[in-house]
Every structure is written in C-alpha cells, then in structure tokens.
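The values are calculated or read from the model by the stated rules, or taken from the named source; none is laboratory data. Quick caveat, the model's predicted, so the values are computed rather than measured. Neighbour counts run over all protein chains shown; Cβ positions are idealised from the backbone, glycine included.
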Amino acid sequence: MLDFLSLLVLAVACSAACGFRIFLPPLGLGIAAHIGAITLNPDMLWLANTWTLALLGLASLFEITAYYIPWLDNLLDSITTPTAVIAGTLLTSSMLTEYDPAVKWSLGLIAGGGVAGVVQGSTVAIRASSTALTGGLGNFIVATIEWLLAALIIYLAIIFPLLAILVLCAILYGAFLIIQKLRMRIKLRKRESFH
C-alpha cells in the first residue's frame, strides 16, 4: 500500500490523464495492478479484473479512434469536458478510500477534478484552434499527441509519480504557449481576410 502523498500524486497524475482520454487512466491502473506493478486499495481491485480490463481496453480503443473523425472530435469535446472533471474527481476520491470522506472528496474534486478540467480545457482550446486554422485536417495530429501524452502520464504516474507531475506541469505550460501562438495566428488570419 502506498503512503498518502505517493497515493495522492499517483491519483492526481492519473486524473490529469483523464483530461486527455477518459478511459486510459483506469485501464493503465488496472493493468499495473493486474501485473503486480502497484497495489490498489481493496475497493479498487475490480480495476485489475480481466473483464474490467477488456471493457476498459475496448472503451479506450473507441475513444481514441473517435477523436480521428473530424466532426466527431469537436462533438466529443463538448461531452468529455464535464466527464473528464467527473472522472478525475472519482478517480482521485476512489483511490483515497482509507481517508476521511471530507478529505477524499475535497481532494478528489479540487485536485483530481480540477487538474482533469485544466488539461481537458487545454485540449479543447488547442483542438478548436487547430480546427479554425486547418478546417479540422490537423486535428488528427492533436488527437495522436493527446493519447500519447495520456499514456506517458499514466506510465510515469505508476513508475515515477513525482516525475509525472513535473512532466504534466511542462505539458500544461507548453499547451499554454501553443494556445497563445495559435490564437495569434487566428487573429492574423481574420485581419488578413478583412483586407
């Protein structure tokens, strides 16, 4: 069993990955528990069940694939934004089962749901900018980067939790810079189209 800080860092990092893809973090945790890389709380052992892993794998495959369909990716963003916050909250809270409900749900909502929402909001802004600049043709690049980053964060969260948080901070900073640059390009295009 992990100590509180390690468990919280693992939970928050995996919740952040929910902002990229909702089903990959529980799948990653389940696989890690199934092969013995981590020990889950007794209430979370269902994630390591073979049937659960199969269903989460299928759901992850559908979610990843759906983001490669140009009109569907933007539609999914409207659904996954609140869902990512809920998933991040539940993931963090469910990993803190041995702690006071006020602590686990507060941390779940603020840390887990909050970080999932920030990550998801960044992906929405980048995809919207990509759609505006490329008519949706560049979104497959965004989709690929998102699921690869989700997988990286999950892997690091399981193997090196503190490194996962540092990488996540770098990703969010990079996303901020990308969003700023894309917004400037969109403004320039709008000005050029008026002249």
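Residue count for the range 83-107 satisfying the condition of being in contact (Cβ under 8 Å) with a residue 60 or more places away in the chain, buried (at least 21 other Cβ atoms within 10 Å of the Cβ) and under 15 Å from the mean Cα position of the chain (by Cα): 6. Can you go through Ala54, Ala66, Ala37, Ala32 and tell me which one is aliphatic (A, V, I, L, M) and surrounded by 16 or more Cβ atoms within 10 Å (Cβ to Cβ)? On inspection, the qualifying residue turns out to be Ala32. If the condition is being modelled with pLDDT under 90 and in a loop (DSSP other than H, G, I, E, B), then the range 1-36 contributes Met1, Leu2, Asp3.
What residue, among those in the range 37-59 that are in a helix (DSSP H, G or I) and not aliphatic (A, V, I, L, M), is nearest to the chain's Cα centre (by Cα)? In this case the residue turns out to be Gly57. Please verify whether the range 174-183 includes one or more residues that are touching a residue at least 12 places away in the same chain (Cβ under 8 Å), of a type in the set (Gly, Ala, Ser) and over 25 Å from Ser15 (Cβ atoms). No, there is no match, as no residue in the range 174-183 is touching a residue at least 12 places away in the same chain (Cβ under 8 Å), of a type in the set (Gly, Ala, Ser) and over 25 Å from Ser15 (Cβ atoms). Filtered by the rule that a residue be closer than 30 Å to Gly138 by Cα and of a type in the set (S, T, N, Q), the range 60-107 gives Ser60, Thr65, Asn74, Ser78, Thr80, Thr81, Thr83. Contact map, the range 35-61: first residue more than 17 Å from Ile154 (Cβ to Cβ), second residue exposed (fewer than 12 other Cβ atoms within 10 Å of the Cβ) and at pLDDT below 95, Cβ cut-off under 8 Å, separation 6 or more or different chains; pairs are Asn41/Met1.
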